[in-house]
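What follows is a set of notes on a single structure, which appears directly below.
The values are calculated or read from the model by the stated rules, or taken from the named source; none is laboratory data. Being a predicted model, the structure only gives us computed values, none of them experimental. All Cβ positions, even for glycine, are placed from backbone atoms using ideal geometry, and neighbour counts span all protein chains on display. Side chains are part of the model used for accessible areas, which takes the heavy atoms of the whole protein and leaves out ligands, DNA and RNA. Shrake-Rupley method; radii C 1.70, N 1.55, O 1.52, S 1.80 Å.
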There are 6 protein chains.
Amino acid sequence: MKICVINPVITRSWEQDTQEEYSKFARPTTQVRTVSLDWGPASVESRRDEAIAVPDIMHKAMQAEREGFDAVIIDCMADPGLLAVREAVRIPVVGPVEASMHLAVILGHRFSMISLMEADRAFFEDLVVLYGIDRKLASVRCIGVPVLDIHTNLDAVAKGMMEASEKAVREDGAHVLIPGCNLLACLVPRIQASLDERGLPAVFLNSREVVMKLAESLVDMRLSHSLLSYPPSEAKEITWPVKTAFST
Amino acid sequence: MKICVINPVITRSWEQDTQEEYSKFARPTTQVRTVSLDWGPASVESRRDEAIAVPDIMHKAMQAEREGFDAVIIDCMADPGLLAVREAVRIPVVGPVEASMHLAVILGHRFSMISLMEADRAFFEDLVVLYGIDRKLASVRCIGVPVLDIHTNLDAVAKGMMEASEKAVREDGAHVLIPGCNLLACLVPRIQASLDERGLPAVFLNSREVVMKLAESLVDMRLSHSLLSYPPSEAKEITWPVKTAFST
Amino acid sequence: MKICVINPVITRSWEQDTQEEYSKFARPTTQVRTVSLDWGPASVESRRDEAIAVPDIMHKAMQAEREGFDAVIIDCMADPGLLAVREAVRIPVVGPVEASMHLAVILGHRFSMISLMEADRAFFEDLVVLYGIDRKLASVRCIGVPVLDIHTNLDAVAKGMMEASEKAVREDGAHVLIPGCNLLACLVPRIQASLDERGLPAVFLNSREVVMKLAESLVDMRLSHSLLSYPPSEAKEITWPVKTAFST
Amino acid sequence: MKICVINPVITRSWEQDTQEEYSKFARPTTQVRTVSLDWGPASVESRRDEAIAVPDIMHKAMQAEREGFDAVIIDCMADPGLLAVREAVRIPVVGPVEASMHLAVILGHRFSMISLMEADRAFFEDLVVLYGIDRKLASVRCIGVPVLDIHTNLDAVAKGMMEASEKAVREDGAHVLIPGCNLLACLVPRIQASLDERGLPAVFLNSREVVMKLAESLVDMRLSHSLLSYPPSEAKEITWPVKTAFST
Amino acid sequence: MKICVINPVITRSWEQDTQEEYSKFARPTTQVRTVSLDWGPASVESRRDEAIAVPDIMHKAMQAEREGFDAVIIDCMADPGLLAVREAVRIPVVGPVEASMHLAVILGHRFSMISLMEADRAFFEDLVVLYGIDRKLASVRCIGVPVLDIHTNLDAVAKGMMEASEKAVREDGAHVLIPGCNLLACLVPRIQASLDERGLPAVFLNSREVVMKLAESLVDMRLSHSLLSYPPSEAKEITWPVKTAFST
Amino acid sequence: MKICVINPVITRSWEQDTQEEYSKFARPTTQVRTVSLDWGPASVESRRDEAIAVPDIMHKAMQAEREGFDAVIIDCMADPGLLAVREAVRIPVVGPVEASMHLAVILGHRFSMISLMEADRAFFEDLVVLYGIDRKLASVRCIGVPVLDIHTNLDAVAKGMMEASEKAVREDGAHVLIPGCNLLACLVPRIQASLDERGLPAVFLNSREVVMKLAESLVDMRLSHSLLSYPPSEAKEITWPVKTAFST
C-alpha cells in the first residue's frame, strides 16, 4: 500500500527525518511519501497557523488521492484540518492526536498530553471534548518550549518532558502519556525508559507509530470515514488566489 | 462605534441585504460596513467550505482592525474561523451561533436549531459540545434545502421551517429556536407569529439581531476575548499565494 | 427604557451606591430605579437567606412590571429567585451570575468565580450545573470575608481577591474571572490592572455592567424568557401574612 | 422516633390522608405528625408556588426540631426548599424526589417520572441535574392533569398514568418509575399490578413509602446532612411580615 | 426478616467480627447470617480477585434465596458481582459501595473515598461512572496499606485514614467520606470524632451500617431490583468444575 | 506473531468457523489459534453468563501467555473479563466491543449497536459509559433473537439486522454501525451492501476484523495495557474447585 504523509507546514528542514521515521514504522510492503506544503505557516502552534495551513493540506490530500495513495496521514499533533479534509477525499485521512487518544483510552485508565507551550492546554482540552473522550483526559502538561526550538536543545526538552511526565503520573493520575508535538516522538523511547526506571510504568505512546498503524489497518480493512459524517463536498464556485483542485 | 460584518463567502448577491438588515438591528449611532471575501467559496455548507473561507475571513478582520473598526461579526451560522480569527485581532470577534446559543440558554430550558441540510446536524452537535452547552441542546431539525436555493422559493422554506419548529417544540422539548442559517433570519418574525398562533410560544431568535447586540455590548464595555485563551499569534514565516497581512 | 434593579435585601446602606453604579453602566437614555426589599434578610449568603428573600423579590418585580418597567435586574451574585420570578412577570428578568457566566464562556476557555466565603463553592458549583455550563468552570476561589464586612476593609478585600485571582489563573487554568458578590464589582478595575501588570491577562468581568448590558439588549430586541420554560403562574389561593400581589 | 411530615401548602383537605398514609408506611414505633402551612400556596405546581411556600416550610421545620422531632419529611414531589431547610436545622430533612431518584438508580438501569403537567418536565430535568444523576433519567412523561383535580376523577388519572408508564417503559427505556406528585402515590399498587399484567415488569416506587424509610434509616444511624454542605445559617437581621423563628 | 451477609472471600478469620458488626447494625428483629466462600480469593483487591470470587458469591446468594433469606448483602467495598448476582435471584442484593455513594450524595455536596492502595483509584472512578453519579465524586484518596495488613497495625491505619480524610476535605472539597474497605468501617467513629475536633465536620459513613439499613428498608417495602434491568437468567448448559446451583 | 482467540463459552460448534474467520482477517504471517472454555456457559447473554465465563477466560489467557502467544482476543461482543484478564497477563488483551467502539468514533459522528435481545441495551449503555465514549453512542437497536438461534435462520436474522440498521441511521442519527454479537459479523458484508443500495452509506464494522487489526498493531508496536491501570495481581491464597493457574 501507499501512504502519503503530509507535513502541514512550509518548513522542509525536518521533511527527511519525517520520511525516515514513518518509513521505519511502516511495514516493509508499505510505501511512504512525505510532502510539505507549498504555502502555509512555518509551524502549527495556534489556531491561526492551523487555519492558514488547512487549504493546502486539503489540496495535497486531494492530489494524493488522485495519484493512487491509499491513505493520508496529517503529521501534526493538532490534527489540522482532519475533519475538513475527510470531506474532500474518500481514502482514509488520519491524525496522530485522534489515533493516539483513542489508543490511550484502550490501554489505560486516563491519559495526559505532554506538550510544548501553555497555550496548548486549551487547544487539547477542546479537541478531546470534540473527539468525545474528555472524561478520560487526566491533564495537559506543558514544558514551555516552542516547536521551532525543539531541535536546538534536545536534552533540555527531554528533561522537561521527563519532569512533566512524572507530574502527570504522580499528581494527575495519568496512566498513558501522549506527546503534544510529533517532533517530540523521537524522545519517547528515552522518556519511557526513564519512567520505567523510576517505577512509574505509564505507557508513553509514539504518536507517529500509532497513526501509521491505524492508517495501515484501515487500508487492510478497506474502511474509510463515514459518508454520512463527511459527505462529499458538492461542486460550487470557489475563487482561489492560485489555480488549485478546488478553485474554479 | 463601527462594526464590520464579514460576509464569509464570495457571493455578493446578498451583500446589500446583509448590510441593510444589520444596519436595521444596530443602534443609530453604530456604523455598519459589510465586506465579502475576495477568495473563498460561494457558500459555507461544509467543513471544506469553512476551511477554504477562513484565511480570507482572518485577513478581512485584520484589515477591519487596522481601519479602526470596534468589532467584527462573522455573518454565517457556522461561526467559520471564530476561534482562529480571535488570535489575529484584539477587537471583539463574534459569531451568531455562539451568541444565539448562549442567549437561548438564558431564555429557556432547551433550544433547537432549525437548519437546512441533514449534514448540518453533526456539525451543530459538534459545535454545541465545543461551546460547552451541549446539555441544553434539544435537537437539530433540518428542512432539506441548500443555502443557495433559499431565495428561489422562500414560501416553501418558511413552510418547512414552520413544520420543523413545531416538531422541535412538540417532540424534542425545545423552548427556544435558532435558525441554522442567517439567510433564514428574515423569516423569523413570520415563524414566530405562526408559532404563537398555534399555541406554541417558543422564542425564535433572530441570530443576526442577537449577534449585533452582543457586538455592541462588548464595545460598550470595552471587553474582548481573553488573551490567555486567544494568545496573539507570534510572527513567523508564512508563505501565501498572494500578498496578504499574514504572508511574508 | 426603564430598568428596575432589585436590591434583594433589607439593607439599604448601599442602595444609593447601587443606583449610581448601575446608572453609570446604563445608556444615557435608560432610566434606572433601585428598590430594596421591605422584608427579607440583611444579606444573601446562604440558601436560607435566599429562600427568605425570594417572595418579596417576586413582589417587587410584579410591581415593577405594573409600573411600566421594561426589565428587572436582581442585583445579587446568587441570582436569588431568578427562575421563580420569571414565572410571575412577562418582562425580562436577568441575574448577574447567569449573564456573567455565559459571557465568560464566550470570551475565554474557562472561568473562575472569585467569591467570599468557603460555603459559596458548593453554591456556585450547583448553579453552574443548573445553568448547563459546568464544563467551563475552572474553579471557585474564596477569600474568607462575609458580605457585610466588605466595606469595612476594602484594601484587604482587594488584596485577597488579587491573590485568589492569581491562583485561579495559574493553578486552575481560568482565563476569565467573575466576582462572587456584586459588592466586589467596584474592585474589578483595580484587580484587572493588577492582573495585567503581572502578565496574567485574564478578563475580569464587572458583573453589574454585564447584566445591565444584557437587560438593555433584551429590551432592544423585545425578547423575554420563553413561556414554555416559565409558564405564567395560574391563579390559585395563596395565604400571605400581609397583603401582596400574590396573596388572595 | 418522631417524624414530622410537612404538607407544604395551605390546603388541609388531604392532611388527614397524608397522616394516615405516612403512618401506614412508618414502623409501629415511629410517631408521625403532619403539619400544613399557615401561609403559602394552595398547591405547589410552579417555581413561583415553591418560592412562596419555602419560608413557612422552613419555619415549620425549625418548630419541629425545637419540639424534639427526629427528622422532617417535606411531602411534595418538588422537594420544595429541601436544600434551604437543611441549613436551618440539624435534624435530617428529606424529600421524596431525592429519595426516590437515588433508590431508582439502585434498583434499575434508568427511571422515568410519571407526572402531571407538561411544565413539570423542565422542572424535573433541572432537579435531576442538580442531584447529579441526570444520566440515569429516561424521561419525564406527563398526563395533563393539575394537582387540585386529581381527586375529582381518580379513574381517569389512573388510566393516564398507566398509558404514560407503558410509553416510558416501551419507548424511553425506563426500568423504574416514580410518580411526579405524592397524591399519585396511592395509585402505585394499581399501576404496578397493571404493568405486571402487561408483561412490563418495571418497578413503580411509592415515593411516600421510600422517603419514610429513608427518614427512619437516617434516624437509626444518627446521621444528618453534612455541615460543610449545609452550614448553619448565621444570625443576621431579618425583617418578616409576621413574627417567626427567623425574623428579628 | 432474615438477611444473608456474604463474606466474598475464603478468609474466615474476620467472619465472626463481620457477623457481630452487622448484627449490631440490624434491628433486633432482623436475623443476620454471615457466610464465606468455599472457593475464591483470600481478599478482593483487584479485578482478577473479583472475577474469581463472583461465581461462588452467586452460588451463595442462590442458596440464601432458596433457604428463605429476604435479602443479600455482599460485604466488600468493591461490590463484587453486584449486577450479575441480581440476575440470579429475585430477593434484593445490595452492596455497600452503591448504598454508601447514593446516601453520600443525599447528605452532602461531594464525597471522597478513603481507600487502601493506589490501584483502588481507577477502580472506584470506574464504579462511580457506572453508577451514574461521577459528577459527585470529589476524590479517591489512598493510604497505601493492603487489606490483609489492616488488622496488624490498626493505629497506623487510623492515622493514615485521618490524614487522607483531612486532605480530601481541605484540598478536594469532600463533604462526605466513605471508607474504601469494609474492614475500615470499625474505625469510622474514631475518624469522625477526630474530624469534628479539627473543625472539619464532614460526615464519615459507616458503609456496613448504611448497607444494612438499605437492605432492611427494601425488605420493609417488598421492593427488589427491576426485572427489566436484571432479567432472570434463562436456563442454558453450564459446565462447572464442581456441582453447583448453576452447573448442569 | 501468534494470536490466541478465546471463544469464551463451552459451545464448540462454531469454533472452527471462528478459527477460519479470524485467520482470514489476520496477516499471512500471523498464526491464529482458537481455544474454547473447559467450563463456563454455553453462551454469553447476561451478566450471570459473563461472571461464570471469566475465571476460565483468565486461565486460558494465562496459558496462552506461557505458551508464547503475543496477544489475546476475547471473541465475544460483551468483552467478558477484559479488564480482569489484563491484570493477569502482560501481553495485550483486546476485546471486539472496545476496539470497534473506538474505531467507530474515529470513522463517524455517532454509532449504534445492532444487537440481539432487548436486555442488551442496558448492558451496552453501561459498557460505553465505562469506556468513556457514551456521548458518541446514537442507540442500541435489538432484533429479538437469542445467540443460540442465530444460525438456525440466518435469513431472518439478516432481515432483522437490516431493518434495525435502517432505523438506527434514519431515526437515531447513527453514521457507523457495530454488530452486538460476533456471530453476526459474517452478515456485515450483506448488510453493508444493502445499506449502500438504499442510499444510507453508514459504515458497518466487522468487529472480528477490527479487533484482529488492533491486536496485530499492538504487537507490531510492542505495546500493551498500562501497568498502572492493570497492576499485576499479587500472589495470594486462592482456593479453586480444580487445579488452575490461579489456585494455590
*Long-range HN-HN contacts of residue D:142 with modeled amide H, under 5 Å*: D:115
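Quick one: compute the contact order of the stretch D:91-243, relative version, from alpha carbon pairs under 8 angstrom and 6+ residues apart, as a percent. List each step's numbers first, then the result.
Numbers: 202 pairs, mean separation 45.6, N = 153.
It comes to 30 percent, rounded to a whole number.
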*Size of the stretch B:69-142 as Cα extents on the principal axes (Å, biggest first)*: 35, 27, 17
_Structure-based [θ]222 nm, the protein assembly as shown - -39500 (n - 2.57) summed over DSSP H runs of at least 4, per residue, nearest 500_ = -13000 deg cm²/dmol
*Report, for residue E:154, each distance to the same residue's label point in the other copies, shortest first and in nm; define the point 7 Å along Cα→Cβ.*
5.5, 5.9, 5.9, 6.5, 8.4
*Hey, can you grab everything whose amide H is under 5 Å from the amide H of residue A:44? Only 5+ residues off in sequence or another chain; H modelled, so Pro and N-termini drop out.*
none
*residue D:36's amide H: which non-local residues (gap 5+, or another chain) put their own amide H closer than 5 Å, with H modeled 1.01 Å from N in plane and none for Pro or chain starts?*
D:7
*Can you name the residue in chain D whose Cβ lies closest to the D-to-E rotation axis, and give that gap in whole Å?*
D:102, 2
*So how exposed is residue B:1, as accessible area in Å² (1.4 Å probe, rounded to 10)?*
60 Å²
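Restricting to Cα pairs below 8 Å that are 6+ residues apart, what does the relative contact order work out to for the stretch B:23-134? Please round to a whole percent. Please list the in-between numbers first.
Working: 98 pairs, mean separation 18.9, N = 112.
Normalised by residue count, the contact order of the stretch B:23-134 is 17 percent.
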*Build a GNM of chain A with springs between Cα atoms under 10 Å: which of A:207, A:100, A:13 gets the top mean-square fluctuation?*
A:13
*Let me know the charge dipole size of the stretch B:28-105 about its Cα centre in debye, to the nearest 20, where only the beta-carbon of Lys, Arg (+1) and Asp, Glu (-1) is charged.*
120 debye
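Magnitude of the Cβ-charge dipole of the stretch C:112-205, K/R +1 and D/E -1, about the Cα centre, nearest 20 debye?
Working: 9 positive and 13 negative charges, 38 e Å.
Roughly 180 debye, rounded to the nearest 20.
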*Using θ = phi - 60° and the Karplus curve 6.51 cos²θ - 1.76 cosθ + 1.60, what whole-Hz ³J(HN,Hα) does each residue of the stretch B:76-82 get, with Gly and Pro shown as x?*
7, 7, 10, 6, x, x, 3
*For the stretch B:103-143, count all C-alpha to C-alpha pairs, find those more than 12 Å apart, and express that count as a whole percent of the total.*
55 percent
*asked:* Shape verdict for the stretch B:94-248, please, from the Cα gyration tensor: rounded (a/c under 1.5), prolate (a/b greater than b/c) or oblate.
replied: prolate
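Taking beta carbons within 10 Å but only from partner chains, what does the mean come to for residues F:49-60? List each step's numbers first, then the result.
On the way: counts 7, 5, 15, 13, 3, 8, 9, 3, 1, 4, 1, 0.
Mean partner-chain Cβ count within 10 Å for F:49-60: 6.
So what is the relative contact order for the stretch B:72-117, in percent, with contacts set as C-alpha pairs under 8 Å and at least six apart?
Values: 36 pairs, mean separation 16.0, N = 46.
Taking the mean separation of contacting Cα pairs over the length of the stretch B:72-117, I get 35 percent.
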*Residues along the stretch C:28-43 losing 30 Å² or more of accessible surface when the other protein chains are present rather than the chain by itself (probe 1.4 Å)*: C:39, C:42
_Run the reach check for residue E:243 against lysines, Cα to Cα strictly under 24 Å, same-chain hits fewer than 8 apart removed. What comes back?_
E:60, F:60, F:243
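Partner chain Cβ atoms within 10 Å, averaged over the residues of B:132-138 - can you pull that number for me?
Mean shielding by partner chains, rounded to a whole number: 5.
Treating only the Cβ of Lys, Arg, Asp and Glu as charged (+1, +1, -1, -1), what charge dipole size does the stretch B:182-248 show about its Cα centre? Round to the nearest 20 debye.
Charge dipole, the stretch B:182-248, about its Cα centre: 120 debye, nearest 20.
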*Calculate the translational D of the protein assembly as shown in whole µm² s⁻¹ from Stokes-Einstein, where the hydrodynamic radius comes from the Kirkwood formula applied to all Cα pairs, the temperature is 37 °C and the viscosity 0.692 mPa s.*
98 µm²/s
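May I ask you to give the solvent-accessible area per residue for the stretch E:1-107, in square angstrom, as obtained with a 1.4 angstrom probe?
Per residue, the stretch E:1-107 has an accessible area of 27 Å².
Return the average number of partner chain Cβ atoms within 10 angstrom of each residue Cβ along peptide E:100-111.
On the way: counts 0, 3, 8, 6, 1, 7, 13, 9, 8, 13, 7, 1.
Counting Cβ atoms of other protein chains within 10 Å of each residue's Cβ and averaging gives 6.
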*Table column - 3J(HN,Hα) (Hz), the stretch B:157-173, Karplus curve with 6.51, -1.76, 1.60, x for Gly and Pro*: 4, 4, 4, x, 5, 4, 5, 5, 5, 4, 4, 4, 6, 5, 9, 9, x
*How much FRET efficiency would the formula 1/(1 + (r/R0)^6) give for residue D:245 and residue D:172, where r is the Cβ-Cβ distance and R0 is 51 Å, rounded to 0.05?*
0.70
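Can you pull the percent of the protein assembly as shown's accessible area that's carbon plus sulfur, 1.4 Å probe, other chains left in place? It would help to have the intermediate numbers written out before the result.
Working: 23650 of 47780 Å².
Of all accessible area on the protein assembly as shown, carbon and sulfur atoms account for 49 percent.
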_Please list 3J(HN,Hα) in residue order for the stretch C:88-98, calculated via the Karplus relation 6.51 cos²θ - 1.76 cosθ + 1.60 where θ = phi - 60°; whole Hz, with x for glycine and proline._
8, 9, 9, 6, x, 10, 10, x, x, 5, 4
*Please compute how much accessible surface disappears when D pairs with C, both sides summed, using a 1.4 Å probe, and round it to the nearest 100 Å².*
3300 Å²
*For the stretch B:149-198, what is the accessible area per residue in Å² when the probe is 1.4 Å?*
43 Å²
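Within the set of other residues whose C-beta is less than 9 Å from the C-beta of residue E:92, count the net charge using Lys and Arg as +1 and Asp and Glu as -1. Present the calculation step by step, with values, prior to reporting the outcome.
Working: positive: E:86, E:90; negative: E:70.
Around residue E:92, the surrounding residues sum to +1.
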_7 Å along Cα→Cβ for the label point: how many nanometres lie between residue C:33 and each equivalent label in the other copies, listed shortest first?_
4.4, 4.6, 7.8, 7.8, 9.0
*Put a point 7 Å out from Cα along the line to Cβ at residue E:66; what are the distances to that point in the other copies, in nm, shortest first?*
3.3, 6.1, 7.6, 7.6, 8.7
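What is the projected area of the convex hull of the Cα atoms of the stretch B:1-157, averaged over all directions, in nm²? Walk me through the intermediate numbers first.
Numbers: hull surface 38.3 nm².
For the stretch B:1-157, the mean projected area of the Cα convex hull comes to 9.6 nm².
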*Once Lys and Arg get +1 and Asp and Glu get -1 on their Cβ, which of C:68, C:129, C:14 lies farthest toward the positive end of the dipole of chain C?*
C:68
_Charge tally in the Cβ shell below 9 Å around residue F:133, where Lys, Arg are +1 and Asp, Glu are -1, residue F:133 excluded_ = +3
